[in-house]
Amino acid sequence: MHLLSLDLLTLRLPLVSPFRTSFGVQTERTPLLVRVEAAVGDRTVVGWGECVALPRPVYSSEFLEGARHVIATELAPAIVTAQTEGHEVTAENVAGLFEHVRGNRMAKAAVEMAVIDAQLRASGRSFASWLGVDAVRVPSGVSVGIHESIPALLDAVGGYLDQGYRRVKLKIEPGWDVEPVRAVRERFGDIPLQVDANTAYRLGDAAHLRRLDPFELLLIEQPLGDEDLRQHAVLARELRTPVCLDESIVSAESAADAIALGATSVVNVKPGRVGGYVEARRVHDVARAHGIPVWCGGMLETGIGRAANAALAGLPGFTLTGDISASDRFYREDITEPITLDEDGYIAIPTAPGFGVEPDEDRIRAFTEHRKRVAL
Ligand code: OSB
Ligand code: MG
């Protein structure tokens, strides 16, 4: 496979409702799509990737314009250099071409995705098959933002349960934690329920967070800062609720460190956060070797990332329900055919070549704010 071109498309997609977390409110998403064209024999194939960086560096240090810049000025040139030197760029080796660039994992993941998709479309193979996934569907969980009031939250959760979601995650922050959890438990009983703080607490809040213990949550996600592994280990010993890290886990190595320290007893795997699907699989493998369950996180992906995540979540260590919801959880109109829930609240793992969904180029054009071609 010889890569011919790389296009960077910045889209603006309105959300069906505002999504509030402890770090801010999102009313739209601005996905950065990577579109590559590659020559395979005498054919040209297209591959798509999606960058999950937010517009501002409030979830992690990465942000949309930074990711776009790094792809254009560092990652695409690394592909050019490799190809000029006669090396073939593949799904298996592309992440390795970016090792000299520090961090910027979401940018790297997006380019790796486009290369994976192109290569698998060229060979007619599904992403699930490439990963060695036998599962045909994965259970679907929903992440529920911070609401204006408890009644509004209960309405939202009730609506998602009616749609069939199999697990609910509540976003929490100081002032919106024990009471919303209590209200959801009182109204909906012992549904699979977990919470996500996105770093909103400090170790000194341990006694307060212990008040969540009676509600038998599946886990509390990232209560403390992203660099606070030792403090998470201390906190984990003070809580009955299992601690699960998200922001802190940026590689298989950091996952191994967090597990060894006792900072996490569950791991949220987000391919963008760890630098791509190959690394995400390594995180899964390390966790599995330690008997640590993992689940697939989400970043409000379009159908492209959602389809890829569904396949990843088919790996055997993904024993907890992930944040892979239907397209209509966030978007009135997706840029691929919509990802939907089946009658049991599961999402089908695509079987078509590549990520197995068809980005609609007309619809993409309609949502595109900015497009730039990078020479390869
Ligand atoms: O912490 O998991 C998170 C969305 C954006 C940034 C961070 C997070 C989230 C979510 C949404 O919780 C998950 C989803 O895509 O459904
Ligand atoms: Mg999270």
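Laboratory data are not the source of any read-out in this text; all were calculated from the coordinates shown. Quantities reported herein were computed from a predicted structural model and do not represent experimental measurements. Virtual Cβ from ideal backbone geometry, glycine too; neighbours counted across all protein chains shown.
How big is Rg to Rh over the chain, alpha-carbon atoms, Rh as the Kirkwood inverse-mean-distance radius?
Rg/Rh: 0.96.
In the neighborhood of Gly262, defined by Cβ-to-Cβ distances under 13 Å, what is the net charge if each Lys or Arg adds +1 and each Asp or Glu adds -1?
0
Which loop-located GluC sites (Glu not before Pro) does segment 54-162 contain, where loop means any DSSP state but H, G, I, E or B and the Cβ has at most 14 other Cβ atoms within 10 Å?
Glu85, Glu88, Glu92, Glu99, Glu148
Rounded, prolate or oblate for segment 107-218? Axes are the square roots of the Cα gyration tensor eigenvalues, ordered a ≥ b ≥ c, and the cut-off for rounded is a/c under 1.5.
prolate
Given +1 on the Cβ of Lys and Arg, -1 on the Cβ of Asp and Glu, and no further charges, what dipole in debye does the chain carry about its Cα centre, rounded to the nearest 20?
280
What whole number of Å gives the distance from the Cα centroid of segment 328-376 to the Cα centroid of segment 4-43?
10
Is the shape of segment 129-348 best called rounded, prolate or oblate, per the rule: a/c under 1.5 gives rounded, else a/b larger than b/c gives prolate, else oblate, with a ≥ b ≥ c the square roots of the Cα gyration tensor eigenvalues?
oblate
Which one of Phe330, Phe215, Phe127 has the biggest mean-square fluctuation once the chain is modelled by GNM with Cα springs under 10 Å?
Phe215
Rounded to the nearest 5, what is the percent of antiparallel bridges among the DSSP beta bridges in the chain?
Antiparallel bridges make up about 65 percent of those DSSP assigns within the chain.
What size of dipole, in debye to the nearest 20, comes out for segment 225-330 about its Cα centre when the only charges are +1 on Lys and Arg C-beta atoms and -1 on Asp and Glu C-beta atoms?
300
Which of Gln194, Ser265, Val234 sits closest to the plus end of the dipole of segment 158-279, meaning its Cα is farthest towards the positive end, when Lys and Arg get +1 and Asp and Glu get -1 on the C-beta?
Farthest towards the positive end: Gln194.
Once the other residues with Cβ under 11 Å from the Cβ of Pro18 are scored (Lys, Arg +1; Asp, Glu -1), what is the net sum?
Computed value for this residue: -1.
Averaging sequence separations of C-alpha pairs under 8 Å and six or more residues apart, then dividing by the length of segment 129-348, give the relative contact order as a whole percent.
22 percent.
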